[in-house]
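Read through the structure below, which is laid out as structure tokens, and then see the notes.
The values are calculated or read from the model by the stated rules, or taken from the named source; none is laboratory data. Given the structure is predicted, the values throughout are model-derived calculations rather than measurements. Cβ sites come from the backbone with ideal geometry, for glycine too, and all protein chains shown count toward neighbours. Note: areas computed on protein heavy atoms with side chains; ligands, DNA, RNA excluded. Shrake-Rupley method; radii C 1.70, N 1.55, O 1.52, S 1.80 Å.
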Amino acid sequence: MANINNKKNNIPRRHLLSGSQARQVLNELAEKDATIAKEIERLSAMVFNDVSVEQVASSVFLALDGIDIEECWNASGKQWGGGYRDEFDVADDMIMEALFPFEQKIDVFYQAGEYAAEQEYLHGVLLGIYQLMEDSTSEFVENYMEDYPEELKQELIDDWKKRHPEDADGLQKLNTFIEKHCPAWSTEGTEL
């Protein structure tokens, strides 16, 4: 009945497409009409740059808070085939692995020239790390991340400053964000 109604109303059927199929449709539409191409570009940029600081912070918090201390212990100690891995070295690797996708996303925004989205995403990562130290009850965080928040914060800020050496406005936004949302970090110990 639905197909009959669609044909009567001249409503085209919509098919569930995979991501690559949807891209193929968009590319074909863009090639046929410059106005549609511009609209696709506008909407793509809007979706790509839609960053929720709170969602990013939550994702960072969950990624770090979810590191299993037992996995750390199991991966450390005497190794099969000889050798020994220190539990703190293993913990470092696990922390860096958990943060890698977030650091990579910051770089994706930078490479795309979407500096406002890059900064918003950075704010989310910083807030997630800050909230981890404020709210986590994880044994892993308690045992292996004591110095990490300050170090990670400074590394993220230093990386941002290297990418934007002349951006005084962005630096002020970063400073204001930290003061407002991460008050225990105050900017006294931060090299902004």
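For the reader, a short list of remarks on this structure follows.
- Neighbour cut-off at most 14 other Cβ (10 Å), DSSP loop, GluC sites (Glu not before Pro), segment 82-159: 146
- Taking the Cα centre of segment 74-138 as origin and assigning +1 to Lys and Arg Cβ atoms and -1 to Asp and Glu Cβ atoms, the resulting dipole is close to 240 debye.
- Ranked by solvent-accessible area (1.4 Å probe, protein heavy atoms only, all chains present), the residues 133, 94 order from largest to smallest as 133, 94.
- Stretching the chain fully between residue 54 and residue 147 yields a gain of 31.1 nm (0.36 nm per residue, less the alpha carbon separation).
- Heavy-atom accessible area per residue - segment 113-169, 1.4 Å, Å²: 50 Å²
- Förster-model FRET efficiency, 41 Å R0, residue 86 and residue 176, C-beta, rounded to 0.05: 0.55
- Of the chymotrypsin sites (Phe, Trp or Tyr not before Pro) in segment 87-163, those whose Cβ has at most 11 other Cβ within 10 Å and which sit in DSSP loop: none
- Stretched out straight at 0.36 nm per residue, the stretch from residue 76 to residue 41 would grow longer than its current Cα-Cα span by 7.8 nm.
- Cα centroid separation - segment 149-177 against segment 97-143, whole Å: 13 Å
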